[in-house]
Structure formats: structure tokens, C-alpha cells
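Working notes, beginning with the structure itself.
The values are calculated or read from the model by the stated rules, or taken from the named source; none is laboratory data. Predicted, not measured: the structure shown is a model, and the values here were computed from it. When we count neighbours, we look across all protein chains shown, and the Cβ atoms used for this are built from the backbone with ideal geometry, even at glycine. Accessible surface is based on the protein model in full, side chains and every heavy atom, while ligands, DNA and RNA are left aside. Shrake-Rupley method; radii C 1.70, N 1.55, O 1.52, S 1.80 Å.
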Amino acid sequence: MSVPVVAVAHGSRDPRAAATVTALLDAVRARRPDVPVHAAFLDHAPPAPDRVLDGLARGGAGEAVVLPLLLTAAYHSKTDIPGVLNRVRGLHPRLRLRTAGTLGPHPLLMDALERRLSEAGAEPGDPDTAVVLVSAGSSDASANATIARLAREWRPRGWWDVTPAYASAAGPKPAEAVAALLDAGAPRVAVASYFLAPGHFADKVRNEALAAGASAVSPVLGAAPEIADLAVHRYDEALEAARAATAV
């Protein structure tokens with residue numbers, strides 16, 4: 001049996017979010033049927049990661065990979081998840097915990113974003129379409145800088161322009177970015193939703209962007225094939241890093 005993975009999502013009161021995580025993890029299981037895959041949520045939905053890891057330890061597991069289902073490295077990955085792991089290590093010092101990297105940044109995310117834009121009617125690399133790349137936003141400046149860098153790296157793929165925006169905690173807001181691109185002469189503006197699952201922010205962004213004149217707003221990334229592939233990659237990466245450290 002392979003090392004189990006505990007995939008830790010943000011969590012939401014919106015039931016669509018948990019359903020989306022379930023669909024994503026089903027896609028991960030289809031790719032790696034040998035790996036026991038468990039879901040956990042930091043907030044608003046059960047089970048908590050502490051509980052899942054405690055259950056694995058009590059069930060005899062000697063090792064587990066904790067996979068943050070987070071699109072950028074920010075407070076949850078830098079503070080919340082390490083706090084969980086410290087508590088679990090205190091209860092189960094023999095359980096070897098490996099922490100995978102957050103899903104983003106990674107080139108597969110750009111492919112997933114273009115897939116979702118295409119589903120919304122914006123053909124990838126259309127020179128007559130400008131894109132607003134919208135994330136939730138963070139109090140962590142480095143997380144916001146990651147989104148700005150992704151936007152810069154995305155521009156050369158043919159779009160009229162690509163600009164970042166943030167639903168909270170930073171600017172510009174999505175509606176402001178849409179209006180600015182239209183004012184600058186963009187023939188069309190599409191919004192790329194850099195969200196893993198549906199919820200308050202994704203709904204708010206969609207409504208405000210369309211009201212500001214966006215021609216399309218992409219669905220959340222969810223269980224896009226690229227996201228499932230990326231989750232498997234992060235799992236394998238964590239185990240490879242652990243093996244390399246043991247070999248030194």
C-alpha cells in the first residue's frame with residue numbers, strides 16, 4: 001500500500017465547495033488507485049485535518065503526505081497547516097508527516113485556466129481578448145505578487161493583455177480591472193477565475209465582472225484534469241524529497 005495522502009482544502013459553508021473537492025479527489029484516485037486519498041478542511045466543513053491524521057495514526061499508518069489544496073502559498077500554508085502538523089506530531093511522534101507544496105504556482109495552472117476560459121467562450125490566446133486573472137487576494141504580499149507574476153508570464157501566449165485583480169485584501173478589484181482594460185481599448189475582456197472551488201468570492205467576482213462589461217467569466221478550476229495531475233505531481237514530489245533527504 002502506498003503512503004496515504006491527506007488533501008487539505010480551505011473549506012466553505014457553501015456545499016458546492018466540498019462537492020468540488022470530492023470530484024477533484026476522485027480524479028486523483030483514478031490516476032493513482034494505489035494511494036489512499038483523504039479529504040480534510042481547515043474551516044467550515046468536516047473533517048478537520050487533525051482528525052484525519054489522528055485516525056490514520058491510530059489505524060497503524062506510519063507515514064502520510066499532507067497536500068495543501070491551495071493555489072498560492074499564504075497564511076493557510078505558512079501558519080495554519082504547520083500548526084496542525086505540530087499538534088499531530090505532539091500526539092503521534094512516530095507518524096512521519098511529509099508536507100507537499102501548494103498547488104500553485106505551476107505551469108499546469110495556466111493550462112487549466114485556459115481550459116476553463118475556453119469553456120466560457122474565450123478561445124486561448126485570442127489577440128482580441130484581454131484577460132483579468134482574479135484570485136481571492138491575501139494579506140500576504142508575496143501571494144499577491146505570485147498572481148501578478150502569473151499574469152505577466154501569461155501575456156506572451158497571444159492575449160491582448162493579461163492583468164491581475166483580487167477579490168479582497170488588495171487591488172485592483174476585478175470590476176476595476178475590467179473597466180480599465182475596456183477603457184484602454186481592449187475589444188473584449190474575459191475574467192479567469194483563479195479559485196479552486198465555488199463559493200462567495202467566485203460568485204461575487206462573476207457578478208461584478210459581468211456588470212463591469214466582461215464578456216465571459218470562467219468557471220472555477222475544480223476538477224480540471226490539469227489540477228488532478230498537479231495534485232499527483234505534488235504528492236510524488238513530496239515523497240521524492242523525503243527519499244532524497246533520507247539518502248543523504
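List of remarks:
- Diffusion constant of the range 26-127 at 37 °C, which comes from Stokes-Einstein with the Kirkwood Cα-pair radius and 0.692 mPa s, µm²/s: 208
- Approximating the spin labels as points 7 Å out from Cα along Cα→Cβ, the ARG13-to-ARG32 distance works out to 3.4 nm.
- Added length on full extension, which subtracts the Cα-Cα distance from 0.36 nm per residue, ARG58 to SER118: 17.0 nm
- The order of SER77, SER215 by accessible area, most exposed first and with a 1.4 Å probe, is SER215, SER77.
- Extending 7 Å from Cα along the Cβ direction at ARG96 and again at ARG157 yields two label points whose distance is 3.7 nm.
- Calculated FRET efficiency, ARG89 to ALA23, Cβ-Cβ distance, R0 = 35 Å: about 0.65 to the nearest 0.05.
- Across the chain, the relative contact order, built from alpha-carbon pairs under 8 Å that are at least six residues apart, equals 23 percent.
- Accessible surface of PHE201 - all protein chains present, 1.4 Å probe, nearest 10 Å²: 80
- When only alpha carbons of the range 69-148 are considered, Rg and Dmax amount to 17.3, 57 Å.
- Tensor-based shape of the range 135-231 (alpha-carbon gyration tensor, a/c under 1.5 rounded, otherwise prolate or oblate): rounded
- A Förster radius of 25 Å combined with the Cβ-Cβ distance from ASP43 to SER142 puts the calculated FRET efficiency at roughly 0.70.
- Solvent-free Debye scattering, log10 I(q)/I(0), computed from the Cα coordinates of the range 132-174 at q = 0.14, 0.15, 0.27, 0.34 Å⁻¹: -0.28, -0.32, -0.86, -1.17
- q = 0.20 Å⁻¹, the range 176-248: log10 I(q)/I(0) [Debye, one scatterer per Cα]: -0.84
- Length gained on full extension, LEU239 to ALA169, computed as 0.36 nm times the residue gap minus the Cα-Cα distance: 21.8 nm.
- Residue-averaged [θ]222 nm for the chain, counting only DSSP H segments that reach four residues, each worth -39500 (n - 2.57): -14000 deg cm²/dmol
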